[in-house]
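**Student:** Sending over a structure as structure tokens; questions will come in a sec.
The values are calculated or read from the model by the stated rules, or taken from the named source; none is laboratory data. A quick note: this is a predicted structure, and the numbers were derived from the prediction, not measured. As a convention, Cβ positions derive from the backbone with ideal geometry for all residues, glycine included, and neighbour counts pool all protein chains shown. SASA here: full protein model, heavy atoms, side chains in, ligands and nucleic acids out. Shrake-Rupley method; radii C 1.70, N 1.55, O 1.52, S 1.80 Å.
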Amino acid sequence: MQRHHRSTAGQFVDEAVTALPNDAIRSRDAHKNAPVLVIRADRVQQVLSTLRSETGLDHCSCVTAQEYDDRFETVYHLTSYDDRRRELSVVVPTTKDDPVSESATPVYRTAEWHEREAYDLVGIEYQGHPDLRRILLPETWQGHPLRKDDDQNQPQIVPLRERANPLQDDSRQGETMFLNIGPHHPSTHGVLHLEAVLDGEQVADVEPDIGYIHRCEEQMCQRGTYRHQIMPYPDRWDWGGAGLLNEWAYARVIEDLADIDVPEYAQVIRTMSAELSRILSHLLATAMYALDVSGEFTATFMYGFRDREVVQDLLEDLTGQRMMFNYFRVGGVAWDIPEPRAEFFENVRAFTDTLPQKLAEYHKLLTSNEVFQVRCVDTGELPPEVAKQYGCTGPVARGSGIDYDLRRDDPYGYYEHLDWDVVTEDGCDNFARVLVRLREIEESAAIVEQCVDLLEDWPNEERICQANVPRTLRPAGECYRAVEGAKGELGIYIRADGTDTPARFKIRGPSFSNLSALPAMGAGEYVPDLVATLGSLDTIMGEVDR
């Protein structure tokens, strides 16, 4: 495994600054995770385009909008797919009375959805944006919920109105049909609405309509105290089993802000439990995808849930919960391995020892199945350059040959001390994404086994599960940190103002960016292919809508 280590902040920024016009930069600063360039609101495209071409910052991982007493800000969190050590925050302030900024969408396509969310919730307008509409709230919504002056008691009237055909001005010969898929449909994996336009039997246009399960997770986290009240929320962003990975995203960012060093023993437990959580998520993705594509209810679907039950039993023994684990704590984990320890480790090994045989069954049922291959090979094509434009990460990106994994490229936990490989496939289609997830289950099992070996031999007197954390945390500063979630890069940005609650808490869910690429993947496909392509993204709507 190649190991990357974070470089000194600002090491590569000087070359970026020299390539930029002097009048575009207002000032320089630093966040906990990266150096900062503060730029003019009317020079966004010029600055970002130069940064992308001159310094290789080809990944816009997150866009955060926030309000201060005297201004609004948009923060573009930039990094590189090839070198995660290159990380830069570009801050674009605007005035309170006229919050208008140039759009970054022509440079980073993924900014299209992120800026729509910023406009929807904060009210910043982005000039040059191709489609600046609300994205989480209905178009008729009054106000912007994250503004300080928002009146939460004002009535909201949402009238029914006719939906226009996106291709009504299409000059092609023939007729098109508008087809609603969802929002309540088994193939949408949650309350997702696809607005599809069919030209004959092919998809001419498709637009994901999200926001049906928007639960104000960011606002709720902004009202919670750092040490105890925020940690239960991350589990709820992904109820497919990846909750521990989400907990780690929050733990990582607040531990950086508060300068908390997690004991090595706790890091090993975190790594083991996180990889069990990843297996749980990938097994669900495989089982549900078999149901989506080939109606494999009696075989693959049931096998997936059979194997998930074993992992859930292990995690229940460890955390006390089967779904909303709430096991991580700021500074470590809630408690040690359950007693008797030998029995727990024996149960873990019993699962990992039988996993190769079980995975062979999945390959016989799915990847070797001719019908499954016909449905998945060369459908849902996502070339690597398109995946990067949309900010895709996780198995979706690695299925397009993009060698990007935060466990290796921005090391945390105990990963850099273990022997494992980043899995990639260069098929760039639905089939490749299935292969990536099945192979990642193998790698996760190898990581779990190595963690068990370490934990078994750990000296009793050094089994420290938590750091000595102050009862009340009041950090100050700004930080964006991410972990490799089951779906991809799960990041959190926190602006801490010295109180015991965040001034801004922004969640970067990987499914949000991955789903935004669906129109590029689905155009020209048949309707069944569109269903297969959507399933291959393994989206979870709690993570998309938050």
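**Student:** Which of the residues that make up segment 510-522 are among the hydrophobic types (A, V, I, L, M, F, W, C) and assigned to a helix (DSSP H, G or I)? Don't jump to the end; show me each part of the working.
**Tutor:** Our first condition is that a residue be among the hydrophobic types (A, V, I, L, M, F, W, C); within segment 510-522, this holds for 512, 515, 517-518, 520-521.
Within segment 510-522, 512, 515, 518, 520, 521 qualify.
**Student:** Also, quick follow-up: How about segment 379-389: which of its residues are of a type in the set (Asp, Glu) and surrounded by 17 or more Cβ atoms within 10 Å (Cβ to Cβ)? Show your work before the answer.
**Tutor:** Restricting attention to segment 379-389, the residues satisfying the condition of being of a type in the set (Asp, Glu) are 381, 385.
Correct list: 381 only.
**Student:** Moving on. With respect to the numbered conditions (1) farther than 30 Å from residue 503 by Cβ; (2) among the basic types (Lys, Arg); (3) assigned to a helix (DSSP H, G or I), which one is the sole condition not fulfilled by residue 322?
**Tutor:** (3)
**Student:** Name the strands (runs of 3 or more DSSP E) wholly within segment 79-142 that hold at least 2 residues that are open to solvent by less than 30 Å² (accessible area, probe 1.4 Å)?
**Tutor:** Working: elements: 87-95, 100-102, 125-127.
Answer list for segment 79-142: 87-95.
**Student:** Something else now. Of all the strands (runs of 3 or more DSSP E) wholly in segment 5-78, which have at least 2 residues that are in contact (Cβ under 8 Å) with a residue 24 or more places away in the chain and either over 18 Å from residue 506 (Cβ atoms) or open to solvent by 20 Å² or more (accessible area, probe 1.4 Å) (or both)?
**Tutor:** Filter on segment 5-78 gives 25-30, 35-39.
**Student:** Would a scan of segment 491-498 turn up a residue that is open to solvent by 10 Å² or more (accessible area, probe 1.4 Å), in contact with a strand residue (DSSP E or B) (Cβ under 8 Å, 6 or more places away or on another chain) and assigned to a loop (DSSP other than H, G, I, E, B)?
**Tutor:** yes
**Student:** Could you list, in sequence order, all residues of segment 196-216 that are at pLDDT below 90 and either surrounded by 18 or more Cβ atoms within 10 Å (Cβ to Cβ) or part of a strand (DSSP E or B) (or both)?
**Tutor:** Scanning segment 196-216 gives 199, 214.
**Student:** Let me ask something else about it. Considering only segment 337-347, state which residues are assigned to a loop (DSSP other than H, G, I, E, B) and surrounded by 16 or more Cβ atoms within 10 Å (Cβ to Cβ). Steps first, answer last, please.
**Tutor:** Our first condition is that a residue be assigned to a loop (DSSP other than H, G, I, E, B); within segment 337-347, this holds for 337-340.
Answer for segment 337-347, where residues must be assigned to a loop (DSSP other than H, G, I, E, B) and surrounded by 16 or more Cβ atoms within 10 Å (Cβ to Cβ): just 337.
**Student:** Could you tell me which of the residues 463, 471 is over 28 Å from the mean Cα position of the chain (by Cα), modelled with pLDDT of 95 or more and of a type in the set (D, E, K, R)? Working first, answer last.
**Tutor:** Numbers: 471 fails: modelled with pLDDT of 95 or more.
Answer to the check: 463.
Let's see how each residue does on (1) modelled with pLDDT under 95; (2) open to solvent by less than 50 Å² (accessible area, probe 1.4 Å):
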site	(1), (2)
255	no, yes
287	yes, yes
291	yes, no
332	no, yes
362	yes, yes
365	yes, yes
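**Student:** Please go through segment 293-303 and give me each residue that is open to solvent by less than 40 Å² (accessible area, probe 1.4 Å) and touching a residue at least 40 places away in the same chain (Cβ under 8 Å), ordered by number.
**Tutor:** Initial filter on segment 293-303 (open to solvent by less than 40 Å² (accessible area, probe 1.4 Å)): 293, 296, 299-301.
Passing the criteria: 293, 296, 299, 300.
**Student:** Here's something else I'd like to know. Considering only segment 470-490, state which residues are assigned to a strand (DSSP E or B), at positive phi and either of a type in the set (A, V, I, L, M, F, W, C) or open to solvent by less than 10 Å² (accessible area, probe 1.4 Å) (or both).
**Tutor:** Taking segment 470-490 first, the residues assigned to a strand (DSSP E or B) are 476-484, 489-490.
Next cut, at positive phi only: 477.
Once the filter is applied, which keeps residues that are assigned to a strand (DSSP E or B), at positive phi and either of a type in the set (A, V, I, L, M, F, W, C) or open to solvent by less than 10 Å² (accessible area, probe 1.4 Å) (or both), segment 470-490 yields nothing.
**Student:** Another question, then. Give segment 11-33 a look and list any residue that's among the polar types (S, T, N, Q) and touching a helix residue (DSSP H, G or I) at 6+ places or on another chain (Cβ under 6 Å), or say none.
**Tutor:** Our first condition is that a residue be among the polar types (S, T, N, Q); within segment 11-33, this holds for 11, 18, 22, 27, 33.
The answer is none; no residue qualifies.
**Student:** Tell me which residues, restricted to segment 175-188, are under 26 Å from residue 238 (Cα atoms) and open to solvent by 50 Å² or more (accessible area, probe 1.4 Å).
**Tutor:** Residues satisfying the conditions are 180, 184, 185, 186.
**Student:** Here's a follow-up. Any residue in segment 523-541 that's under 27 Å from residue 242 (Cβ atoms) and outside any loop (DSSP other than H, G, I, E, B): show its pairings with residues that are aromatic (Phe, Trp, Tyr) and open to solvent by 20 Å² or more (accessible area, probe 1.4 Å) at Cβ separation under 9 Å, as long as the two are six or more apart or on different chains.
**Tutor:** Pairs that qualify, where the first residue is under 27 Å from residue 242 (Cβ atoms) and outside any loop (DSSP other than H, G, I, E, B) and the partner is aromatic (Phe, Trp, Tyr) and open to solvent by 20 Å² or more (accessible area, probe 1.4 Å), are 536/431; 541/212.
**Student:** If you take the residues of segment 367-378 that are of a type in the set (Val, Ile, Thr) and open to solvent by 40 Å² or more (accessible area, probe 1.4 Å), which of them is modelled with the lowest pLDDT? Show your work before the answer.
**Tutor:** Within segment 367-378, the subset of a type in the set (Val, Ile, Thr) is 367, 371, 374, 377.
Now drop any that are not open to solvent by 40 Å² or more (accessible area, probe 1.4 Å), which leaves 371, 374, 377.
On the way: 371: 88, 374: 91, 377: 95.
Out of the qualifying residues, it is 371.
**Student:** Could you please let me know if residue 257 is touching a residue at least 40 places away in the same chain (Cβ under 8 Å) and within 21 Å of residue 488 (Cβ to Cβ)? If you could, list the steps in order and put the result at the bottom.
**Tutor:** Working: touching a residue at least 40 places away in the same chain (Cβ under 8 Å): yes; within 21 Å of residue 488 (Cβ to Cβ): no.
Criteria not met by residue 257.
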